[in-house]
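First up is the structure itself, then whatever we jot down about it.
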Amino acid sequence: MTGKLTRRNVLKVASASAAAVAFPAPFVSGTARGASSEPILIGLPTAQTAQAGVADHQDYLNGTTLAMEEINAAGGVLGRQLKPVVVDIDPLSPESGQVAINKLIDAKVHAMSCAFVFTPVPVADVSAKYKAPFLWGLTQRNFTDILSKNTVKYGHIFQTDPSEVHYGYTFPVFLKAMKEQGVWKPLNNGVHIVQEQIAYNQTISKALQASLPKSEFKLAGITDIQYPVQDWGSVIQEIKKTGAGAVMIDHWVAAEYAAFVKQYSADPLKGALVYLQYGPSQPEFLELSGPAAEGFVWSTVLGVYADENGKAFRAKYKKRFPGIMGLCYTGNGYDVTHYLKAAWEAVGDPSNFAGVSDFIRKTPFRGVCGYMSMNNQYQECAHYPDTGDAIGSADVDKGMAQLFFQVQNNEHKIIYPDVLRETALRKAPWW
């Protein structure tokens, strides 16, 4: 899911030009029980020195920064300025997560906003002692399932995207669409899974394996890999030996994906559609891959749309943070901050944790990454398209769309779902 990009420094929030939030809740002027000139504090556990997560967490902080700047420039929330409280966190360490949350509790933050961690239960348990609204792009059904069984303890926690199971469920749906559109002529209906060992990747693999028998595609083989992958040569030989029409590289590190595409481009399985799970979303993938990335496909359940709102956000983000833009957690951090603004203004008191959480639970929000509606047992966003999971939507306007991208001319272009696509799938250089 994540890669390391330590040269990207953590940014401090400053004032900038104002912009409008999508579907803001009304400001209830007479309900400000907590009226104060003190700033409203958003706690941001952000990976800054860890071996994993730095790139995505930086994207999340950048998006949050942009939202705070425009909100503060427009007068703040309830007459108060927003102020970030950034603490370092290692997403792979439960102890680090606990320390980070305790620091935010000591700082008396009004809400917590985070990209993700890989050890959510220890982090959630500490936050449950305080119960400030906690929003994160966790993407983990293993945790939201735990939440569904203990809403009294975890009712303040919201997953602002669909869970990772959808990566597995949706892959055969995507393949079928590409085949039916005539933009992909598969070698065969086999799917080869190259899987990493962390729980996140294993959950995706199991979901895909469960969905294949219900589709026209079949499992051709499974190859295990272990982070860090020092050399992809043996994996590529296994891909060629298996000879499947579609290959899912179920990994999470952008830099290692970049190494893979360079090696694969030099010695490919001709005609295979190669899908790289999520990691290419991080800016360093294109930076490190260069022309070798051309033609590869990836997806995210949490991506910035290319509709009118999405394009406007992309433009102002690139102006504020020049260079290659991450297309996932940038928009998520931005949306969450505006979601909190809407909740605080509706409730009238940021210190009313229960009231703010209740508003978020019951009130959907349309952001640049799509529609967030978390009023369900998992308190996670509904996924579009509906693949039969418990939390799905058949209407793109009532769910968060999983976006499939292809690298075309060193840019990420949405190729699926059809209602949001920018362009069609192109022939990869090795087809």
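Annotation for Thr49 and Gln197: the two label points, set 7 Å from Cα along the Cα-Cβ direction, are 2.8 nm apart. Kindly identify the stretch 324-404 as rounded, prolate or oblate by the Cα gyration tensor criterion: order the square roots of the eigenvalues as a ≥ b ≥ c, call it rounded if a/c is under 1.5, otherwise compare a/b with b/c, prolate if a/b is larger, else oblate. Here the stretch 324-404 falls in the oblate category.
Under 5 Å from the amide H of Met400 lie the amide H atoms of Tyr371, Ala382, His383, Tyr384, each residue being 5 or more positions distant or on a separate chain, with H modelled from the backbone and absent for Pro and chain starts.
For the chain, the 222 nm mean residue ellipticity estimated from helices alone, with every DSSP H stretch of n ≥ 4 adding -39500 (n - 2.57) and the total spread over all residues, rounds to -11000 deg cm²/dmol. Overall, the chain carries a charge dipole of about 380 debye about its Cα centre when +1 sits on the Cβ of Lys and Arg and -1 on the Cβ of Asp and Glu, all other atoms neutral. Segment Ser37..Lys241, full-extension length gain: 66.8 nm, with 0.36 nm per residue of separation and the alpha-carbon distance subtracted. By its C-alpha gyration tensor, with a ≥ b ≥ c as the square roots of the eigenvalues, how is the stretch 220-302 shaped: rounded for a/c under 1.5, else prolate for a/b larger than b/c, else oblate? Rounded shape, in that the Cα axes give a/c under 1.5. If R0 equals 22 Å, the separation of the Cβ atoms of Gln226 and Asp267 corresponds to a calculated FRET efficiency of about 0.55. The spacing between the stretch 153-218 and the stretch 279-306, judged by their C-alpha centroids, is 18 Å.
Which shape class applies to the stretch 188-242: rounded if a/c is under 1.5, otherwise prolate when a/b exceeds b/c and oblate if not, where a ≥ b ≥ c are the square roots of the Cα gyration tensor eigenvalues? Note, shape of the stretch 188-242 comes out oblate. When a 1.4 Å probe is rolled over the protein heavy atoms, the share of accessible surface on the chain that falls to carbon and sulfur comes to 51 percent. Amide H to amide H distances under 5 Å link Ile40 with Gln81, Leu82, Lys83, where only residues 5 or more positions off or on other chains count and H is placed in the peptide plane. Taking label positions 7 Å along the Cα-Cβ direction at both Asp397 and Val183, the computed distance is 2.4 nm, reported to one decimal.
Counting only protein heavy atoms and a 1.4 Å probe, the chain has 36 square angstrom of accessible area per residue. Our coupling estimate for the stretch 189-199, obtained by passing each phi through the Karplus curve with A = 6.51, B = -1.76, C = 1.60 and θ = phi - 60°, is 9, x, 10, 9, 9, 10, 10, 7, 9, 5, 4 Hz, Gly and Pro reported as x. Mean separation of Cα pairs under 8 Å and 6 or more residues apart, divided by the residue count, gives the chain a relative contact order of 19 percent.
The values are calculated or read from the model by the stated rules, or taken from the named source; none is laboratory data. Note that the structure is a prediction, hence the values are computed from the model and not measured. Heads up, the Cβs are rebuilt from the backbone with ideal geometry, glycines too, and the neighbour counts pull from every protein chain shown. Note: accessible area is taken over every heavy atom of the protein model, side chains too, but ligands, DNA and RNA are not part of it. Shrake-Rupley method; radii C 1.70, N 1.55, O 1.52, S 1.80 Å.
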